[in-house]
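Q: Structure provided below as structure tokens; questions to follow.
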Amino acid sequence: MMKKQKDNKTEEQILVAAQVIFQAKGMDGARMQEIADKANINKAMLHYYYRSKQLLFEAVFKKAFSLLAPQLNAILNDDSSVEEKIRNFTYNYISFIIKHPYLPNFIIQELNRKPQFIEEIKNNVAFPNITKFKQQVEKEVANQIIKPIAAEQLFINIMSLNIFPFIASPLIKPLINVDNKTYQGLVDARKKEVANFIINAIKK
């Protein structure tokens with residue numbers, strides 16, 4: 001009996017369909033049958049490619065992360081100034097996560113469930129490296145371009161201000177009393193607001 005071969009085109013259809021469903025309904029709300037229908041295949045075929053919703057979600061995540069990570073790594077390692085890096089990193093990160101809003105929560109969920117998941121992520125090509133960023137921060141501090149700050153602290157500030165509005169949106173929206181459409185507008189504006197806030201805080 002011949003063994004079935006997985007087809008790259010079918011697998012891509014599944015990943016595209018799964019991304020749409022996960023983005024609309026999240027991990028808990030998504031159903032494998034719904035994903036199969038969206039991909040125009042039957043559920044048995046879907047399970048042949050991905051035995052569980054968790055494995056499918058991980059595949060969708062890794063595909064998306066493999067698109068984001070090289071962008072961020074390129075920014076961190078180019079020859080632009082610290083200010084330009086902050087602006088470009090923030091703009092690219094927020095623009096990408098607006099299109100893939102499930103990513104931050106999925107990372108937190110997976111790290112809580114399986115701490116070694118970060119090692120799997122780090123095996124992705126072009127995982128962001130902040131070595132050059134650290135060197136530039138130290139140089140600009142020494143040259144009195146920016147106020148004294150540890151590069152690690154600055155990077156944590158950048159990541160925190162970029163990520164928090166996505167993972168905490170169910171809390172923030174009622175606190176500031178806005179609907180989904182208004183909140184999306186606020187998040188979009190943060191592409192510049194976050195960078196301006198950080199740069200104003202560190203500039204001499």
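The values are calculated or read from the model by the stated rules, or taken from the named source; none is laboratory data. Nothing here was measured: the structure is a model prediction, and the numbers come from that model. No Cβ is skipped: glycine too gets one built from the backbone with ideal geometry, and neighbour counts run over all protein chains shown.
Q: Checking Val187 against (1) in contact (Cβ under 8 Å) with a residue 40 or more places away in the chain; (2) part of a helix (DSSP H, G or I); (3) exposed (fewer than 15 other Cβ atoms within 10 Å of the Cβ), only one condition comes out false. Which one?
A: (3)
Q: Which members of region 24-41 meet the condition of being surrounded by 12 or more Cβ atoms within 10 Å (Cβ to Cβ) and either of a type in the set (D, E, K, R) or touching a helix residue (DSSP H, G or I) at 6+ places or on another chain (Cβ under 6 Å) (or both)?
A: Lys25, Met27, Ala30, Arg31, Met32, Glu34, Ile35, Ala36, Asp37, Lys38, Ala39
Q: For Pro170, state whether it is farther than 30 Å from Asn143 by Cβ, assigned to a helix (DSSP H, G or I) and at pLDDT below 95.
A: On the way: farther than 30 Å from Asn143 by Cβ: yes; assigned to a helix (DSSP H, G or I): yes; at pLDDT below 95: yes.
So Pro170 fits the description; yes.
Q: Which one of the conditions (1) surrounded by fewer than 20 Cβ atoms within 10 Å (Cβ to Cβ); (2) within 30 Å of Lys203 (Cα to Cα); (3) under 13 Å from the mean Cα position of the chain (by Cα); (4) of a type outside the set (Ser, Thr, Tyr) does Lys63 fail to meet, given that it meets all the rest?
A: With (1) surrounded by fewer than 20 Cβ atoms within 10 Å (Cβ to Cβ); (2) within 30 Å of Lys203 (Cα to Cα); (3) under 13 Å from the mean Cα position of the chain (by Cα); (4) of a type outside the set (Ser, Thr, Tyr) applied to Lys63, the lone miss is (2).
Q: Next question. Quick one: how many residues across region 116-156 are over 18 Å from Arg87 (Cβ atoms), touching a Leu at 6+ places or on another chain (Cβ under 7 Å) and either in a loop (DSSP other than H, G, I, E, B) or not assigned by TED's automatic domain parsing to the domain that holds Ser81 (or both)?
A: Selection size over region 116-156: 1.
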